[in-house]
Every structure is written in structure tokens, then in C-alpha cells.
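To start, the structure under review is shown below, and the notes come after it.
Any read-out appearing in this document is the output of simple, stated calculations on the displayed coordinates, not a laboratory observation. Source: prediction; values computed, not measured. Here the Cβ is made from the backbone with ideal geometry for all residues, glycine too, and neighbour counts use every protein chain on show.
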Amino acid sequence: MKKSILTLTILCLITAFGCQLSSGQQLKKFDPKRKMSKTPADWKKILTPNQYYIMVESGTEPPFQNAYHDNHQKGVYVSAATGEVLFSSEDKFDSGTGWPSFVKPVDPKKIEIVTDNSAGMTRDEVIERSTGLHLGHVFDDGPADRGGKRYCMNSGALKFIKK
């Protein structure tokens, strides 16, 4: 029984912190090989400090302490950098992780999935195709009846437009 409880606790922690590292730790700094539509200096002039940290430096905001993890209003989520519609409230679900999670993007052509080998692990990073900016990560632990994907996004990379 103790072994089962320990195993369940470990699985819950892995799921809950699937998008985050330890407090204050960044995923990675700007990768000069990453193709972005503007230079980091140009993005710094356009984005807020939090948006820059997330989108250019590939940072991660704290779970449960971000704008959209508990947003249940109808509308669309657009890129904080470009205003492009990326996700819909119709595809949002409560993953229990503390970040806004979606089963799919509105248009798969607007995002790109790249391999992220930072922080001693390999993950699938979601970037905005037109800019090369970091949005979050995608995992294969989403609702099975809706495709099985969990697009775990940073609220700071998105803006919500209410319908």
C-alpha cells in the first residue's frame, strides 16, 4: 500500500511540474542559432519583461500564478507578440498542472514543434512559426478522447480575447 501511494505521489508531482523547473531556474537563455523574425534587442523594445523572459529566453512562469490557468471564459488566445490566433477556449482543458492547457492549436501551421534538450531532459517545445518565439511545450498526456495531446502554454506568451 505504501509503495502504491508513493508511486501515485511521484506521478502526480511529475505531471504537476511537467512545464516547470525549480524556483527561479530558466529553461535556457537565448539560443543564437534559433531563427527569430527579430533580434532579441528588437523584441526587448516590443515585449514586456515577462513576455521577453518567456518568449525570447524560453522561460517558464510559475504554475497556478499566471493569468490564464483558471480562465473559463469563451474566446481565443492570441500570440502576445503578433496577435495571431493560436488557441481557442473550446480546446482548453483543466490539466491540473497550473498552466493553460489545450488539446490542439487553432491552426497547426501557426506553430512549430522543435526538440528542446535543455535542463537535462528532452521535450517537445512549441514555438510560434512566424516569429520563432517560445510559447510552451507539448506532451502526450492530454485527454485520450480528444487526441491525447497537452499543449502546456505560458500565459505570458498569450493574450486572451473574450468572445
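Residue-by-condition table, conditions (1) closer than 23 Å to ASN50 by Cβ; (2) out of contact with any strand residue (DSSP E or B) (no Cβ under 6 Å at 6 or more places or on another chain):
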{"site": "PHE64", "(1), (2)": "yes, yes"}
{"site": "HIS69", "(1), (2)": "yes, yes"}
{"site": "GLN73", "(1), (2)": "yes, no"}
{"site": "ALA80", "(1), (2)": "yes, no"}
{"site": "ASP91", "(1), (2)": "no, no"}
{"site": "THR97", "(1), (2)": "yes, yes"}
{"site": "PHE102", "(1), (2)": "yes, no"}
{"site": "VAL106", "(1), (2)": "no, no"}
{"site": "LYS109", "(1), (2)": "no, yes"}
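Among the listed residues TYR68, TYR52, which satisfies the condition of being of a type in the set (Ser, Thr, Tyr) and free of Cβ contacts under 8 Å to residues at least 60 places away in the same chain?
Working: TYR68 fails: free of Cβ contacts under 8 Å to residues at least 60 places away in the same chain.
Matching residue, one of TYR68, TYR52: TYR52.
Might you let me know whether the range 124-147 holds any residue that is within 17 Å of THR60 (Cβ to Cβ), free of Cβ contacts under 8 Å to residues at least 40 places away in the same chain and surrounded by fewer than 16 Cβ atoms within 10 Å (Cβ to Cβ)? Scanning the range 124-147 turns up at least one residue that is within 17 Å of THR60 (Cβ to Cβ), free of Cβ contacts under 8 Å to residues at least 40 places away in the same chain and surrounded by fewer than 16 Cβ atoms within 10 Å (Cβ to Cβ). The residue that is farthest from the chain's Cα centre (by Cα), among those in the range 99-114 that are farther than 24 Å from HIS72 by Cβ and among the charged types (D, E, K, R), is LYS109. Criterion applied to ARG146, ARG129 was being basic (Lys, Arg), out of contact with any Leu (no Cβ under 7 Å at 6 or more places or on another chain) and closer than 24 Å to ALA41 by Cα, and the one residue passing it is ARG129.
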